[in-house]
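Only one structure is covered here, and it is reproduced in the block below.
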Amino acid sequence: MTFSQLEFGETLAAGAVNAFVTAFFIGIVAGLIVKRYEAVHELRLQTLELEHQTRAALRATYSQLLVAQRRSRQASAQLAQAGGEKSAPELATKAGTAHDEFISLYHSLNLDASKQMWLDVRGLRKILDAMLERARRGDAAGCAKLVGKARAARQNLERSFRDRLGHEPLQERKALGEYDRGLAD
């Protein structure tokens, strides 16, 4: 029997069944699309939350690193002024401890750092290492020359940190001379 041979009621019933089946399949497809959208949206929210947590941890580590580098720099300068580790063993211990604290935070920061941040904090580390070495020898003049370089290196790190967070850098990168060399190895 063809569709044209059906009576009006039968045609109406066949049309209703057809509409029901079509609506049923459209409902299933729409439900799947909504579920997919919800899953993508949830994943996007989780990604944003993870990025927020990463940025918060990075900010906290960076803040602690700034304090540690200042303590290391100041302790090295004090040790150098006092004549080195032979003249002031207690200051040598203090400078070594401050430097170790910086190194610990240096490694923590590197876990979430961009490549440029890694290079900049590595430059800062090289300068602080050199300051501590000169301070232990009692080379006050050599240590004092590195104070400005350490500040410039810290400013370079701040610049790359702002870039990592998606903010416009506020200052130009400063040259560190010999402490810029070999940072990419």
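Please work out the ratio of the alpha-carbon Rg of segment 42-107 to 2.2 N^0.38 Å and round it to two decimals.
1.66
Return an integer: the convex hull volume of the alpha-carbon atoms of segment 61-156, in Å³ per residue.
Convex hull volume per residue, Cα atoms: 66 Å³.
How much of the accessible area of the chain, probe 1.4 Å, is carbon plus sulfur, in whole percent?
Reported share for carbon and sulfur atoms: 57 percent.
Enter the angle in degrees (range 0 to 90, nearest 10) between the Cα long axis of helix 140-164 and the first principal axis of the Cα atoms of the chain, meaning the one along which they spread out most.
Tilt of helix 140-164: around 10 degrees.
How far, in degrees from 0 to 90, does helix 89-110 lean away from the longest principal axis of the Cα atoms of the chain, to the nearest 10?
Roughly 20 degrees, rounded to the nearest 10.
Working with all protein chains in place, sort ILE127, ILE26 by solvent-accessible area computed with a 1.4 Å probe, largest first.
Ranked list, largest accessible area first: ILE26, ILE127.
What does the charge dipole of segment 77-185 about its Cα centre add up to, to the nearest 20 debye, if the Cβ of each Lys and Arg holds +1 and the Cβ of each Asp and Glu holds -1?
Its charge dipole is roughly 240 debye.
Which value, in Å² rounded to 10, gives the accessible area of THR93 with a 1.4 Å probe and all protein chains present?
90
Rounded, prolate or oblate, given the Cα gyration tensor of segment 89-142, with a/c below 1.5 counting as rounded?
oblate
Looking only at segment 152-176, which residues have a backbone nitrogen under 15 Å from a spot 7 Å from the Cα of ARG59 in the C-beta direction?
161-168
Could you give the angle, 0 to 90 degrees to the nearest 10, between helix 115-137's Cα long axis and the longest principal axis of the Cα atoms of the chain?
Here the helix axis deviates by roughly 20 degrees.
May I ask you to list the residues of segment 95-117 whose amide nitrogen lies under 18 Å from a point 7 Å from Cα along the Cα→beta-carbon direction of LEU50?
Residues passing the 18 Å test: 111-114.
Report the calculated FRET efficiency for VAL34 and ARG151 (r = Cβ-Cβ distance, R0 = 41 Å), to the nearest 0.05.
With R0 = 41 Å, the Cβ-Cβ based efficiency is 0.15.
With a 1.4 Å probe and all protein chains kept in place, how do ASP120, ASP112 rank by accessible area, largest first?
ASP112, ASP120
Along the charge dipole of the chain, pointing to its positive end and built from +1/-1 on Cβ of Lys, Arg, Asp and Glu, which listed residue (ALA141, ALA153, GLY15) has its Cα farthest out?
So the residue furthest toward the plus end is ALA141.
Which one of SER87, GLN53, SER104 has its Cα pushed farthest toward the positive end of the charge dipole of the chain, where Lys and Arg give +1 and Asp and Glu give -1 at the Cβ?
After comparing all options, I get SER87.
Given the Cα-Cα distance of ALA175 and PHE8 and 0.36 nm per residue of separation, how much length would full extension add, in nm?
51.1 nm
Given contacts defined as C-alpha pairs under 8 Å and at least six residues apart, what's the relative contact order of the chain, whole-number percent?
Once normalised by length, the contact order is 20 percent.
Expressed in nm to one decimal, what extension gain is obtained for the pair VAL67 and ASP100 from 0.36 nm per residue of sequence separation less their Cα-Cα distance?
Between VAL67 and ASP100, full extension yields an extra 10.6 nm.
At a probe size of 1.4 Å, how large is the accessible area of SER63, to the nearest 10 Å²?
Rounded to the nearest 10, that gives 60 Å².
Once you charge only the Cβ atoms, +1 for Lys and Arg and -1 for Asp and Glu, what is the size of the charge dipole of the chain about its Cα centre, to the nearest 20 debye?
1380
Report the Cα-based extents of the chain along its three principal axes, largest first, to the nearest Å.
113, 31, 27
The values are calculated or read from the model by the stated rules, or taken from the named source; none is laboratory data. It should be emphasised that the depicted structure is a prediction, and the values quoted were computed from it without experimental measurement. Cβ atoms come from the backbone with ideal geometry, glycine included; neighbour counts cover every protein chain shown. Surface areas here come from the heavy atoms of the whole protein model, side chains and all, with no ligands, DNA or RNA. Shrake-Rupley method; radii C 1.70, N 1.55, O 1.52, S 1.80 Å.
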